[in-house]
Amino acid sequence: MEREATYRGTVYPWQCDHVGHMNIMWYVGKFDEANRNLFARLGLTPSYLRSSGRGMVAVQQNIAYKRELLAGDIVEIHSHLLEVGDKSIRFRHDMRNAETGEIAATCEITGVHMDRQLRKSAPFTDAIREAASRHLAEPAGA
């Protein structure tokens, strides 16, 4: 999954807070856009989610802020699928300053596949589970 970015964009001046760096609400927004691209690679496309009555919900999200991002910085996010279960996935996003290569923030999320009508978790289809398995990140030290 490391080959292609799941998000690429810029920091706009209106996304910066009173100390001059990108406000935390925009980190979350950019990570959310990366989620959508990651999900699509696994077969969890908008059309699949609409036609199947399914959805993805975050049940845990942990963000670590490493370096500030300033207005005009180019942002790139690469995503790594860490774990695939019957109804859930765990993944990490690495947000970098594309110019310097420095990691600005990381975000680890556990997402659950749900039936939108029943409001309950639902198993992934075999095709999605197989696609996700192909994208699992290499274990540390492998």
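Every read-out reported here was derived from the displayed coordinates using simple, explicitly stated rules and does not represent laboratory data. These numbers were taken from a predicted model, which means no experiment stands behind them. Cβ: placed from backbone, ideal geometry, glycine included. Neighbour counts: every protein chain shown.
Summary table
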item	result
Estimated vicinal HN-Hα couplings, Hz - the range 105-120 in sequence order (Karplus 6.51, -1.76, 1.60; Gly, Pro = x)	6, 10, 9, 10, 10, 10, x, 10, 7, 10, 7, 5, 6, 7, 6, 9
Virtual spin-label span in nm between Lys87 and Thr45, 7 Å along Cα→Cβ	2.7 nm
Low-density loop cleavage sites - GluC sites (Glu not before Pro) in the range 2-74, where at most 11 other Cβ are within 10 Å (DSSP)	Glu2, Glu4
Cα-centred dipole magnitude for the range 7-134, charges only on beta-carbon of K, R (+1) and D, E (-1), debye, nearest 20	540 debye
DSSP-assigned coil residues among GluC sites (Glu not before Pro) in the range 72-142, each with at most 16 further Cβ atoms within 10 Å	Glu99, Glu102
Cut-off 15 Å between beta-carbons: net charge of the residues surrounding Val112, Lys and Arg +1, Asp and Glu -1	+3
Efficiency of FRET from Cβ geometry, Arg134 and Leu70, R₀ 41 Å, rounded to 0.05	0.65
Nearest-ten-degree value, helix 24-41 long axis tilted from longest Cα axis of the chain	40 degrees
Cα-based Rg of the range 7-134 normalised by 2.2 N^0.38 Å, two decimals	1.14
Other-chain or far-sequence residues with amide H under 5 Å of Thr6's (modelled H)	Ile77, His78, Ser79
Cut-off under 5 Å, modelled amide H: who pairs with Ala122 long-range	His113, Met114, Asp115
Derived scalar couplings ³J(HN,Hα) [the range 49-62; Karplus, 6.51 cos²θ - 1.76 cosθ + 1.60; whole Hz; x for Gly, Pro]	4, 5, 6, 8, x, 9, x, 10, 10, 7, 10, 8, 8, 10
Local electrostatic count, Asn97, Cβ distance below 13 Å [Lys/Arg +1, Asp/Glu -1]	-1
Cleavage-rule hits (trypsin sites (Lys or Arg not before Pro)) in the range 91-128: DSSP loop, at most 13 neighbouring Cβ within 10 angstrom	Arg119
Burial ordering of Trp14, Trp26, fewest other beta-carbon atoms within 10 Å first	Trp14, Trp26
